[in-house]
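Have a look at this one before I ask anything.
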Amino acid sequence: MPSLKALKNRIGSVKNTRKITKAMQMVAAAKLRRAQEAAVAGRPYAERMNAVMASLAAGVGASESAPKLLAGNGRDQVHLLVVMTAERGLCGGFNSSIVKLARARATELTAQGKTVKILTVGKKGREQLKRDWAQAFTSHVDLTEVKRIGYANAQSIAREVLAAFEAGEADVVTIFYNRFQSVIAQIPTMQQIIPAKFEGGSAEALYDYEPSEEAILADLLPRSVATQIFTALLENGASEQGARMSAMDNATRNAGDMINKLTIQYNRSRQAAITKELIEIISGAEAL
């Protein structure tokens, strides 16, 4: 049985840990509000952009003049996976859920004889994938110093992705991230951005475009890639803070339960020690 001093030190240690997890929970709650507002505010623009692009893509169809970003380069051999995770841990299963989805996709593509390349955004995803997929790494985007995600961050990632596609180093590009649903629910999402895929759209032309649909698509598609990456970064930001808030809340509760159990054990040990001393004193007095 641990000594009273050891129990007391452990109780103090757990109390200090509870203070840290409680503080992290409160910080995450404050950051979550801003991140959630940014993610929700960005959704209408992304949805409207998707609707316009879907309409344009439906009008162009599979014509020979369709931009490569829409129709593809005719190959399906090299897949670039853009895995977006957090720079920090202590956020429950947020990072591992994204990595699990990316790893499953990479394994599936490899089994089909495809070549897999991985671009990591965020340190935690790179650390988890390094063991099995280090040979597939192409580059890494470090956002450690970025306090607030902006469109410029998405543009820099989009430029790198577009350059790889234009150089023939990637035929298909897919992004992996967590879509924010609530504090306790984040949905691991896989989304192909090159060749572009848009939900909805109709083959019937609703508008007359000037210049042609092909010319407009050629200008808008690179911007659409950056928009989709920016939306994913915003969703990831909100998901990360929600997951961290939930994880730190659970850690704080667990620390409280542990403190209660250790306190009971400490009191019992202390009472046993006092009883033992009393017995020794009484026994000594009777012996006299």
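The values are calculated or read from the model by the stated rules, or taken from the named source; none is laboratory data. In this text the structure is predicted, and so the values were computed from the model without any measurement. Because the Cβ atoms are built from the backbone with ideal geometry, glycine has one as well, and the counts that use them run over all protein chains shown. Ligands, DNA and RNA are stripped out before the accessible areas are found, and what is left, the full protein with its side chains, is counted by its heavy atoms. Shrake-Rupley method; radii C 1.70, N 1.55, O 1.52, S 1.80 Å.
Assess whether Leu56 counts as being outside any helix (DSSP H, G or I) and in contact with a helix residue (DSSP H, G or I) (Cβ under 6 Å, 6 or more places away or on another chain).
Taking the combined requirement at face value, the residue does not satisfy it.
For (1) in contact with an Asp or Glu (Cβ under 7 Å, 6 or more places away or on another chain); (2) of a type in the set (A, V, I, L, M, F, W, C); (3) touching a residue at least 24 places away in the same chain (Cβ under 8 Å), each residue gets a yes or a no:
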{"position": "Leu70", "(1), (2), (3)": "no, yes, yes"}
{"position": "Leu80", "(1), (2), (3)": "no, yes, yes"}
{"position": "Ser97", "(1), (2), (3)": "no, no, yes"}
{"position": "Leu101", "(1), (2), (3)": "no, yes, yes"}
{"position": "Ala106", "(1), (2), (3)": "no, yes, yes"}
{"position": "Gly113", "(1), (2), (3)": "no, no, no"}
{"position": "Ile118", "(1), (2), (3)": "no, yes, yes"}
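Next question. Only one residue in Gly113, Gly200 is at pLDDT below 90 and surrounded by fewer than 16 Cβ atoms within 10 Å (Cβ to Cβ), so which one is that?
The match here is Gly200.
Which count do you get for residues in region 228-277 that are touching a residue at least 40 places away in the same chain (Cβ under 8 Å) and more than 34 Å from the chain's Cα centre (by Cα)?
So the answer is 7.
Across region 143-175, which residue is farthest from Leu81 (Cα to Cα) among those that are charged (D, E, K, R) and touching a Pro at 6+ places or on another chain (Cβ under 9 Å)?
The selected residue is Arg159.
Does Lys124 count as among the basic types (Lys, Arg), touching a residue at least 12 places away in the same chain (Cβ under 8 Å) and open to solvent by 50 Å² or more (accessible area, probe 1.4 Å)?
yes
Hey, another quick one. Residue by residue through region 1-35, note down the ones that are among the hydroxyl-bearing types (Ser, Thr, Tyr) and crowded, with 16+ Cβ neighbours inside 10 Å.
Thr17, Thr21
Considering only region 49-63, I want to know if a residue exists there that is touching a strand residue (DSSP E or B) at 6+ places or on another chain (Cβ under 8 Å), hydroxyl-bearing (Ser, Thr, Tyr) and surrounded by 18 or more Cβ atoms within 10 Å (Cβ to Cβ).
No: zero hits.
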